[in-house]
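Quick notes on the structure that follows.
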Amino acid sequence: MVIRSKIKGLNEWLFIESIPDRYLPQNTTVTEKRLTIKRNPLEMKNFQLSAAGMFLLYTEMKCDAPVQIHTEVSGETVLSQFIFYKLPSFKKLNIFGRSRHNIRYIPSAVHEYEMKKDVEYGYFLMVLSKDYYFHLINRHSSLHEDFVTSIDKKEYTSFTPMDMQATPEMIRIISDLKEGQKKGEVRRLHAEAKVMELLIYQLEQLSTANDGSIKTIEPYNVAKLEVIRTLLDKDFINPPSQKELAQEAGINESKLRKDFKEYYGITIHNYTIRLRMEYAKKLLLQERKTIFETAELTGFSHQNNFSIAFKKYFGISPSDIKY
């Protein structure tokens, strides 16, 4: 499969990547690139990771004038696409305030999409060959029966007609993929595990949307929830109270709790607990902090309280993974 992209009207390609279609377990080659591309009026910061049957691209883009991005994908592929928007009203918070995603089967396609002036975009593209996709997700799985039927007919299709909002779990996985420090075959195995995890979260959410069991929240309130979630992501050690969050969003406190739980599938309190515990795990395993240091850095006044919370969340004590 070949993936390439350029600014419409210019002959020079922003990037061209040729990826083998076949999934070969013995092929451990993985290629990683980080680069900044400036083509007036566009600026892009790209992270790319590729292996046999898989191409991942994360980019942050902004432009001084409206432009159209022309992208071509050749070869049968399953494409997972996430788009994040940093609207002008969110810039002072330095956050991407809206998002959408979907999974598509593309027998070969050309896409053009417009970037507006003064809107910053985050874009994550996961392109999998058909062979690689069915290596990850069994073709007979009930998660994607109708989707597989369209693939077998070689018909372009989206998993669901309407794009969905990215969940915190999906955003976390995308972050893990682009910030991973592993090398060689371990890097490929890590990427494959994360890709499969991301697909499962997407398939679960999109399947639920198709059966009509997800309740619709007004787009205006979705934008508010995205802001609240991002505020929690930035300040989860000493998070604002729910009353303060409700005032920030301009909605009733009980409605905030209800909509947050309905939209993200987790309460505000449990979401902050999750962020603190995942951060604690990173401090212990990656930064080699002591349990005492980790307790302080995650906002616990007593090491014992931290150890109890950690064991309740992960099922093991911090000393079990530290030593």
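A few comments on the model shown:
- Amide H contacts under 5 Å for G180: none, restricted to partners 5 or more places along the chain or on a different chain, H placed in the peptide plane at 1.01 Å from N.
- Per-residue Karplus couplings for the range 46-58, computed as 6.51 cos²θ - 1.76 cosθ + 1.60 with θ equal to phi - 60°, are listed in order as 10, 10, 10, 9, 9, 8, 4, x, 9, 9, 10, 9, 10 Hz, Gly and Pro entered as x.
- Each principal axis of the Cα cloud of the chain was evaluated for its coordinate range; sorted largest first, these ranges are 59, 47, 42 Å.
- A cut-off of 5 Å between modelled amide H atoms, ignoring neighbours fewer than 5 places along the same chain, links L14 with S5, K6, I7.
- For the range 99-208, the convex hull drawn through the C-alpha positions has a volume of 133 cubic angstrom per residue.
- Over the range 237-323, the Kirkwood radius and the radius of gyration, each from Cα atoms, give a ratio Rg/Rh of 1.07.
- Entry note, the chain: relative contact order of 13 percent, from Cα contacts under 8 Å with a spacing of 6+ residues.
- In degrees, nearest ten, helix 253-264 long axis to first principal axis of the chain (Cα): 40 degrees
- Helix 219-234 axis, angle to the chain major axis (alpha carbon atoms, nearest 10°): 60 degrees
- The long axis of helix 303-314 is offset from the longest Cα principal axis of the chain by roughly 40 degrees.
- Across the range 161-167, computed HN-Hα scalar couplings (Karplus, 6.51 cos²θ - 1.76 cosθ + 1.60, θ = phi - 60°) run x, 9, 5, 10, 6, 5, 8 Hz from first to last residue, x flagging Gly and Pro.
- Restricting the range 241-323 to GluC sites (Glu not before Pro) in coil, as DSSP defines it, with at most 12 other Cβ within 10 Å: E287
- Whole-number D in µm² s⁻¹ for the range 153-194, Kirkwood Cα-pair radius fed into Stokes-Einstein, 20 °C, 1.002 mPa s: 168 µm²/s
- Portion, in percent, of the accessible area of the chain that falls on carbon or sulfur, probe 1.4 Å: 49 percent
- Relative packing of 265-272, 171-178, which averages over residues the other C-beta atoms within 10 Å, highest first: 171-178, 265-272
- 222 nm mean residue ellipticity, helices alone, for the chain (DSSP H n ≥ 4; -39,500 (n - 2.57); rounded to 500): -12500 deg cm²/dmol
- Under 5 Å from the amide H of I137 lies no amide H of any residue 5 or more positions distant or on a separate chain, with H modelled from the backbone and absent for Pro and chain starts.
The values are calculated or read from the model by the stated rules, or taken from the named source; none is laboratory data. Computed from a prediction, not measured in an experiment: that's the story for all the values here. No Cβ is skipped: glycine too gets one built from the backbone with ideal geometry, and neighbour counts run over all protein chains shown. The area values use the complete protein model at the heavy-atom level, side chains included, leaving out ligands, DNA and RNA. Shrake-Rupley method; radii C 1.70, N 1.55, O 1.52, S 1.80 Å.
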